[in-house]
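To start, the structure under review is shown below, and the notes come after it.
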Amino acid sequence: MKLNAPKNVTWIVAAVLAVLALVVKFAGFASVSVAFWLALASAVLLLCASFFAGL
């Protein structure tokens, strides 16, 4: 199985989501479940970008 490297824009969006999840968790802007879903969205975005070409 050959994986593709994600595009720079996709990687930046995933990194922003991950940083936002950390900020939400440690600064207490929202509930912890919001931080979990943001981190999960970041991970899923990177996984999908690795599996599918052109993302």
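Tell me yes or no: at least one residue of the range 30-51 is among the polar types (S, T, N, Q), surrounded by 17 or more Cβ atoms within 10 Å (Cβ to Cβ) and either touching a Lys or Arg at 6+ places or on another chain (Cβ under 8 Å) or in a helix (DSSP H, G or I) (or both). Before you say what the answer is, go through the steps one by one.
Start the filter on the range 30-51 by keeping residues that are among the polar types (S, T, N, Q), which leaves 31, 33, 42, 50.
If we keep only those that are surrounded by 17 or more Cβ atoms within 10 Å (Cβ to Cβ) too, we end up with 42.
Next, only the ones that are either touching a Lys or Arg at 6+ places or on another chain (Cβ under 8 Å) or in a helix (DSSP H, G or I) (or both) stay: 42.
Looking for residues that are among the polar types (S, T, N, Q), surrounded by 17 or more Cβ atoms within 10 Å (Cβ to Cβ) and either touching a Lys or Arg at 6+ places or on another chain (Cβ under 8 Å) or in a helix (DSSP H, G or I) (or both), one finds at least one in the range 30-51, hence yes.
For the list (1) touching a residue at least 24 places away in the same chain (Cβ under 8 Å); (2) in contact with a helix residue (DSSP H, G or I) (Cβ under 6 Å, 6 or more places away or on another chain), I need the number of the one condition that Val13 fails.
All conditions are met except number (2).
I'd like the full set of residues that are surrounded by 12 or more Cβ atoms within 10 Å (Cβ to Cβ) and among the hydrophobic types (A, V, I, L, M, F, W, C), limited to the range 1-18. If you could, list the steps in order and put the result at the bottom.
Our first condition is that a residue be surrounded by 12 or more Cβ atoms within 10 Å (Cβ to Cβ); within the range 1-18, this holds for 4, 6-7, 10-11, 13-18.
Across the range 1-18, the qualifying residues are Trp11, Val13, Ala14, Ala15, Val16, Leu17, Ala18.
For the range 21-40, how many residues meet the condition of being more than 21 Å from Trp11 (Cα to Cα) and aliphatic (A, V, I, L, M)?
So the count comes out to 3.
Values in this text are rule-based calculations from the coordinates and carry no lab data. Please read all numbers here as calculations on a predicted model, not as lab measurements. All Cβ positions, even for glycine, are placed from backbone atoms using ideal geometry, and neighbour counts span all protein chains on display.
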